[in-house]
C-alpha cells in the first residue's frame, strides 16, 4: 500500500519537510528506572489505548511495515485513520516508532512516538508533520492543530501513569 505523502521517514532525524504543520512535543517521564517499561509501552501502543483510542494493528508491537488503524471519535462518529509503521527503534537509550498516513486518513503526514534516556532521565517525544487530507480536516483548520497538541500531552500523561510506580 502506498503512503499519502512523499517524505516517508522524515520524523526519524527530525528534519521535517516544508508545506506541513509541524509538531514537536517533549516532556520528562521519569528517571532511568522506567526506561524499559516506557519503551515497551510506546512500542505496544499502550499510551494511545490508555487515552481511549481504538487501535487495530496487524500485530501487538510496532514493527516496520505493520498496518495500524486508529479509531478517532466515538460510536458511529468514529473515523478510521489508517497508517503504516515506517520505522522502529528499540534500544536501551532510545525506543519508539513512526507511522505514516495511508489513503483514507483524515490527515497526510507522519507521526513519531519516542522515549529516550538522556542524562539519567526518560524523555517522551511526539514529532509529527501533517496537513489536511479531507474536506472536514481542512474546514476544521486550527482546531485540528490544537487537537494534535492536546493529544501529545494526553499521551505523555498516560505514559507516566503506565510506568511510574504507584505511591
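The values are calculated or read from the model by the stated rules, or taken from the named source; none is laboratory data. Here the structure is a predicted model, which means the values were calculated and not measured. Positions of Cβ are backbone-derived with ideal geometry, glycine not excepted, and every protein chain shown enters the neighbour counts.
Observations
- Yes/no for residue 79 being surrounded by fewer than 19 Cβ atoms within 10 Å (Cβ to Cβ), over 12 Å from the mean Cα position of the chain (by Cα) and closer than 22 Å to residue 149 by Cα: yes
- Taken together, the residues in the stretch 12-30 that are closer than 21 Å to residue 102 by Cα and in contact (Cβ under 8 Å) with a residue 60 or more places away in the chain amount to 9.
- Residue check, residue 9 loosely packed, with under 12 Cβ neighbours inside 10 Å, in contact (Cβ under 8 Å) with a residue 24 or more places away in the chain, in contact with a strand residue (DSSP E or B) (Cβ under 8 Å, 6 or more places away or on another chain) and more than 19 Å from residue 158 (Cβ to Cβ): no
- Against the test of being part of a strand (DSSP E or B), in contact with a strand residue (DSSP E or B) (Cβ under 8 Å, 6 or more places away or on another chain), over 30 Å from residue 165 (Cα atoms) and modelled with pLDDT of 95 or more, the options 89, 110, 64 yield a single qualifying residue, 110.
- Entry remark, the stretch 93-108: residues being surrounded by 18 or more Cβ atoms within 10 Å (Cβ to Cβ) and under 18 Å from residue 9 (Cβ atoms) number 11 in total.
To keep it simple, each residue is scored yes or no on (1) surrounded by fewer than 18 Cβ atoms within 10 Å (Cβ to Cβ); (2) in contact (Cβ under 8 Å) with a residue 40 or more places away in the chain; (3) closer than 28 Å to residue 60 by Cβ.
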| residue | (1), (2), (3) |
| --- | --- |
| 91 | yes, no, yes |
| 110 | no, yes, yes |
| 134 | yes, no, no |
| 141 | yes, no, no |
| 158 | no, yes, yes |
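- Members of the stretch 114-159 that are under 20 Å from residue 31 (Cβ atoms), in contact with a strand residue (DSSP E or B) (Cβ under 6 Å, 6 or more places away or on another chain) and part of a strand (DSSP E or B): 114, 115, 116, 121, 122, 123, 124, 125
- Selection from the stretch 3-36 of residues that are farther than 25 Å from residue 146 by Cβ and part of a strand (DSSP E or B): 30, 31
- If the condition is being surrounded by 18 or more Cβ atoms within 10 Å (Cβ to Cβ) and either part of a helix (DSSP H, G or I) or touching a residue at least 40 places away in the same chain (Cβ under 8 Å) (or both), then the stretch 40-57 contributes 41, 42, 43, 46, 47, 48.
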